[in-house]
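The values are calculated or read from the model by the stated rules, or taken from the named source; none is laboratory data. What you see is a predicted model; the values in this text were computed from it and never measured. Cβ sites come from the backbone with ideal geometry, for glycine too, and all protein chains shown count toward neighbours. Just so you know, the surface numbers come from the protein's heavy atoms only, side chains and all, with ligands and any DNA or RNA stripped out. Shrake-Rupley method; radii C 1.70, N 1.55, O 1.52, S 1.80 Å.
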Amino acid sequence: MKKLTEGRKMFIIVLAIYIFYGAFFIIFDDFDRRVWAPLSDSWDWHMMGVGVVVLLVLAFILHRYSRQMDERISREQAEKENVLRRQLTQNIAHELKTPVASILGYTETLMDNPDIDQATRQQFIQRTHHQAERLTSLLSDIATLNRMDYAPDMIQKERVDVARLFSDIVQESQPNLAQHNMTLRNCLPGEVVVEGNPSLIYSIFRNLLDNAINYAGDGTTVEVSVTEQDNDWQFSFSDNGVGIAEEHLPRLFERFYRVDKSRSRKMGGTGLGLSVVKNAVVLHGGTITAQAIHPHGLCFLFTLKK
Ligand code: ADP
């Protein structure tokens with residue numbers, strides 16, 4: 001079936017109002033005499049004819065106008081998408097440039113100076129490796145976002161126990177949490193089952209926890225809890241760290257948006273983590289918001305369909 005565009009919707013609504021209005025008069029014109037109007041003596045067939053002609057003219061004008069309106073809307077959408085795509089391509093190129101330039105720089109130095117001392121050589125190799133890792137996470141985030149943007153139907157869903165998945169993530173992150181002297185309060189119950197894609201749900205919790213570890217600050221506490229609603233689970237993922245100023249919150253889920261660029265790069269951040277989180281939540285029929293906690297801290301509230 002053809003999709004109802006804004007123009008078509010308007011066309012149908014105005015036409016329906018007109019027809020309803022006409023029908024109302026046909027039926028109720030002589031209602032007080034309990035006679036169907038076209039059969040009554042007072043029924044004006046000329047007026048009826050004029051009504052039909054007006055209806056046809058109106059339908060024609062409306063049809064043309066609604067088509068023009070649809071064309072204008074899709075043109076504007078295409079322009080907006082083009083601008084966004086161009087910005088995204090520029091951002092990706094910019095993000096790729098830095099690690100690639102560093103890798104080239106370090107490897108060229110190593111090749112041009114075969115007699116370089118062992119300690120410096122080792123340091124350069126480590127830095128090259130770190131930049132290659134950054135490239136890998138960047139490419140993996142871009143691939144995940146592309147998959148969600150262009151092939152959401154191909155993403156397979158199955159029964160996922162979020163509580164179990166999160167406790168695995170906590171175990172993996174234990175050394176990192178300990179290094180930053182952070183406490184994790186996992187208030188999830190024994191089982192939180194959703195119909196979802198395990199790898200995307202993993203990305204949601206992994207990114208939020210990595211961010212808390214990277215940005216909240218040493219000695220802080222992360223708390224994860226959930227409440228059950230009719231059709232969804234409502235998760236709360238909060239930390240009592242440095243938080244984010246209110247003005248940044250509306251843009252937090254944009255691709256490549258960072259509050260502190262140099263800190264993010266230093267931490268190996270791609271600027272795509274929260275976009276991946278948001279897209280994954282939306283793909284699971286949920287919504288997500290970020291709220292500042294007073295006096296300090298950050299809280300993500302999101303839902304996942306059961
Ligand atoms: P990045 O790869 O830079 O971490 P994200 O999209 O994951 O990108 O996060 C966007 C920005 O939001 C980060 O650069 C960081 O400045 C900020 N941020 C994310 N989580 C937190 C947090 N828990 N506390 C403070 N700032 C955060």
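The table below gives the values:
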| item | result |
| --- | --- |
| Condition check for Arg263: within 9 Å of the ligand (Cβ to nearest atom), open to solvent by 50 Å² or more (accessible area, probe 1.4 Å), outside any helix (DSSP H, G or I) and within 22 Å of Ser140 (Cβ to Cβ) | no |
| Pairs with Cβ under 7 Å, 6+ apart, first in region 198-221 and outside the structural domain of Gly297 (by TED's automatic domain parsing), second within 13 Å of the ligand (Cβ to nearest atom) | none |
| Among residues of region 185-210, those that are within 16 Å of the ligand (Cβ to nearest atom) and open to solvent by less than 40 Å² (accessible area, probe 1.4 Å), counted | 7 |
| Matching residues, region 266-302, being under 24 Å from Thr128 (Cα atoms) and more than 9 Å from the ligand (Cβ to nearest atom) | Lys266 |
| Qualifying residue in region 238-259 (condition: open to solvent by 20 Å² or more (accessible area, probe 1.4 Å), out of contact with any Cys (no Cβ under 7 Å at 6 or more places or on another chain), among the charged types (D, E, K, R) and more than 10 Å from the ligand (Cβ to nearest atom)) | yes |
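Rundown of residues vs (1) modelled with pLDDT under 80; (2) in contact with a Pro (Cβ under 8 Å, 6 or more places away or on another chain); (3) not charged (D, E, K, R), yes/no style:
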| site | (1), (2), (3) |
| --- | --- |
| Leu39 | yes, no, yes |
| Ser42 | yes, no, yes |
| Val57 | no, no, yes |
| Arg64 | no, no, no |
| Met69 | no, no, yes |
| Ile73 | no, no, yes |
